[in-house]
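Enquirer: For reference, the structure I am asking about is given below.
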Amino acid sequence: MTEITGQAALRAGATAVVDESYSFACMRCGYGWEQSYEIEHHTDADGHEFVMYVADGQIVPSPLNRPTCQNCDGHLVRILGAGRVACAHDAELTSAPLP
């Protein structure tokens, strides 16, 4: 889900902040995780717009450009909508064991 936060959440130079969450699944090792980001919209001194991704208070690379698995450091990672990893994990926990 995308939300534009109020002006109180803006950091120095940001014109808007958008909250995004993604689920990730590594196709190499099967590891899945979720991460939320604050996407800060900025304008540089020449008037060019750019964005900065912030996760857990730290500026990080865009998760959309060459995502890296947190488990095996592989780059064959699928990006899914928010909540997909948690949904799959919950389904795994509630499914009946096979005989």
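Enquirer: Would you mind counting up the charge near Y31? Only other residues with Cβ under 12 Å from its Cβ, with Lys and Arg at +1 and Asp and Glu at -1.
Expert: Numbers: positive: R28, R78; negative: E34, D73.
In short, 0.
Enquirer: Let me ask you something else. Give, in nm to one decimal, the length gained when the segment between E20 and N65 is fully stretched (0.36 nm per residue of separation minus the Cα-Cα distance). Let's see the in-between values first.
Expert: Numbers: separation 45, 0.36 × 45 = 16.20 nm, distance 1.51 nm.
Additional length available on full extension: 14.7 nm.
Enquirer: List every residue whose amide H lies under 5 Å from the amide H of A16, counting only residues 5 or more places away in sequence or on a different chain, with H placed 1.01 Å from N in the peptide plane.
Expert: H41
Enquirer: Under a plain spin-label model, where a point goes 7 Å from the Cα along Cα-to-Cβ, how far apart in nm are A12 and S36?
Expert: Inter-label distance under the simple model: 2.6 nm.
Enquirer: Hey, what do the phi angles of the range 30-44 turn into as Karplus ³J(HN,Hα) couplings, whole Hz, using 6.51/-1.76/1.60 and θ = phi - 60°, x for Gly and Pro?
Expert: Taking θ as phi minus 60°, the curve returns x, 5, x, 7, 10, 8, 9, 10, 9, 9, 8, 9, 10, 10, 7 Hz for the range 30-44.
Any read-out appearing in this document is the output of simple, stated calculations on the displayed coordinates, not a laboratory observation. Just so you know, these numbers come straight off a predicted model, no measurement behind them. Cβ coordinates were reconstructed from backbone atoms using ideal geometry, including for glycine residues, and neighbour counts include every protein chain displayed.
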